[in-house]
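Asker: Just dropping this structure here.
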Amino acid sequence: MFSARVSQRTLRLFKSPGRRFQSSAPEPPPAGGHLPSVATSALLRTTRDSALRSQGISWTDGDNDGPPGSVIAGRETRRMNLYQAVRDAMSIALMKDDSAVVFGEDVAFGGVFRCTMGLAEEFGRERVFNTPLTEQGIAGFGIGLASMGHTAIAEIQFADYIFPAFDQIVNEAAKHRFRSGGQYDVGSLTIRCPTMSVGHGGLYHSQSPEGYFMGASGLKIVIPRSPVQAKGLLLSSIRDPNPVIFMEPKILYRSAIEQVPIDDYHLPLGRAEILTPGSDLTLLTWGTPVYHCEAAVHLLSNPPPNLAPHVPASIRNAKIELIDLRTILPWDVETVTESVKKTGRLVIVHEASMTGGVGGEIAAEVQRRCFLKLEAPVRRVAGWDTPVPMQYEKFHIPDALRVLDAMIETLTY
């Protein structure tokens, strides 16, 4: 409560002619906050030139080896969000491969997230069609189609519902080539599924089940971070000679927007991408947490006043190497270990629970290969070992503050 003297002085200032009331209170933050969000991320390709020059991009028309500038000359891009880029990739696959079919629950009218919108009208309902509500049946049907030479693009409506299909995927799809001695395979099977948190999905719609497939030799697991990545990696997955589970971070379907090349192109599977080079700490992640990590790096170098006392000045200029793993199985051991040998520190971030998560496998291999180069223990930032809560989902996932805390602890070890 203000004293009478202060109150009277404030009143006089307020009423004085020609003077404006001055407040010592800090200015409120902008509505969008000071931190980069998915929509404002510097990692997104928002211009034609940056999109066409995406790292590792390869054009299927073969025009990849010309002089600088000629490879992208005449190529166009279109503004797309992630679900539109996924839809564009499937449209190209259906157009160029007469044996390709798209199927799953509700895909004929566009699907829950509209990733297949208009495909049935464009290519016919004998190529884009609904299935019964049975994930085991969807996977088994796709395995049969692929074994007969068709290109099967299946959709599991949510990654959380992939578990009824677990036996078909792990015991049949992953082992088909091995058990037949190479005579048969289901390499033309791709299973798409929305994954990761959505903010209010709770225990049945916000899980990250990629870790459950780490021991399934014969599968590939891919998770894109943006529209350009989604289109290129999905086309690579559809054409890869191995069955692929393609997990699409659902919260990015509409929030991540880029200029996406309209031509047919692909991005390499099994290759991580270094998003920002650094020399002091390697920050490894995939999917939605890429943007939480970007925000955490921003907090480290420019902490707001309320966090500044907790961020030592000596580490604010640390150079963080941010890596998007992209392909979870098989993961890019070489890129990750070379980075850790250079920086001496590793922080792994993923939304899945820590116990049994992909980060544990990566940490073990990095420790084996980089032990003498490590300056600090490998640190994991992950979801808690509980089911994803409904009301408190925001506190379950590894946000920018938890990532920042892990980086500070690792840099000051």
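Asker: Kindly establish whether THR327 is crowded, with 22+ Cβ neighbours inside 10 Å and either in contact (Cβ under 8 Å) with a residue 12 or more places away in the chain or of a type outside the set (S, T, N, Q) (or both). Don't jump to the end; show me each part of the working.
Answerer: Working: crowded, with 22+ Cβ neighbours inside 10 Å: yes; either in contact (Cβ under 8 Å) with a residue 12 or more places away in the chain or of a type outside the set (S, T, N, Q) (or both): yes.
Yes; evaluated as a whole, the condition is true for this residue.
Asker: Run down ARG402, ARG369 and say which single residue is in contact with a strand residue (DSSP E or B) (Cβ under 8 Å, 6 or more places away or on another chain) and in a helix (DSSP H, G or I).
Answerer: Details: ARG369 fails: in contact with a strand residue (DSSP E or B) (Cβ under 8 Å, 6 or more places away or on another chain).
Answer to the selection: ARG402.
Asker: State which residue pairs qualify: first residue at positive phi and inside region 106-127, second residue surrounded by 18 or more Cβ atoms within 10 Å (Cβ to Cβ) and in a loop (DSSP other than H, G, I, E, B) in any location, beta carbons under 6 Å apart, and separation of 6 or more residues or different chains.
Answerer: GLY110/THR116
Asker: So, one more: Counting only residues that are assigned to a strand (DSSP E or B) and among the hydrophobic types (A, V, I, L, M, F, W, C), which one in region 372-399 is surrounded by the fewest Cβ atoms within 10 Å (Cβ to Cβ)? Even if it seems obvious, please write down each step before you answer.
Answerer: Step one: of region 372-399, the residues assigned to a strand (DSSP E or B) are 379-383.
From the residues that got through so far, the ones that are among the hydrophobic types (A, V, I, L, M, F, W, C) too are 381-382.
Details: VAL381: 26, ALA382: 24.
Looking at the filtered set, the residue picked out is ALA382.
Asker: Would you call LYS231 outside the structural domain of PRO194 (by TED's automatic domain parsing) and basic (Lys, Arg)?
Answerer: no
Asker: Kindly evaluate THR195 against the criterion of being of a type in the set (Val, Ile, Thr) and touching a residue at least 60 places away in the same chain (Cβ under 8 Å).
Answerer: On the way: of a type in the set (Val, Ile, Thr): yes; touching a residue at least 60 places away in the same chain (Cβ under 8 Å): yes.
It is true that THR195 is of a type in the set (Val, Ile, Thr) and touching a residue at least 60 places away in the same chain (Cβ under 8 Å).
The values are calculated or read from the model by the stated rules, or taken from the named source; none is laboratory data. Only a predicted model underlies this, so the values are computations on that prediction, with no experimental measurement involved. We place every Cβ from the backbone using ideal geometry, glycine too, and count neighbours over all the protein chains shown.
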